[in-house]
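One structure below.
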Amino acid sequence: MPEPRLDDPWLFRSNVTDSSDLSRFQFPRVSSSPDDLHIQFAVLGTTNILVALASGLLIASILRSPNLRRKPFDLYLVFIAIPDFVSGISCMF
């Protein structure tokens, strides 16, 4: 198999019948099909929405209650959940 060039089209995994034909430099150019990518991104988006909602609910419920805000462990949970919330929100768009 000839060495790939930068302007070669991408190979899809369904087009490759025998992966032993590919060298270690050619294998990274193999991609999933567009239909598989749509499914993967739909699952990823749904998971990010659920993570953002769960961590946002945790943050809001702890910060809303004065009794919970006084406890150091609950404030620790808030600061642990903030990066998850930001990541979940930013990956949705």
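The values are calculated or read from the model by the stated rules, or taken from the named source; none is laboratory data. As the structure is a prediction and not an experimental result, all values here were calculated from the model. Keep in mind that these areas ignore ligands, DNA and RNA; they rest on the heavy atoms of the full protein, side chains included. Shrake-Rupley method; radii C 1.70, N 1.55, O 1.52, S 1.80 Å.
Among the residues of segment 61-77, write down those that are open to solvent by 60 Å² or more (accessible area, probe 1.4 Å) and either at positive phi or not basic (Lys, Arg) (or both).
LEU63, PRO66, ASN67, PRO72, PHE73, LEU75, TYR76
Condition first: open to solvent by 70 Å² or more (accessible area, probe 1.4 Å) and among the aliphatic types (A, V, I, L, M). Now tell me which residues in segment 42-60 satisfy that.
Once the filter is applied, which keeps residues that are open to solvent by 70 Å² or more (accessible area, probe 1.4 Å) and among the aliphatic types (A, V, I, L, M), segment 42-60 yields VAL43, LEU44, ILE49, LEU50, LEU53, LEU57.
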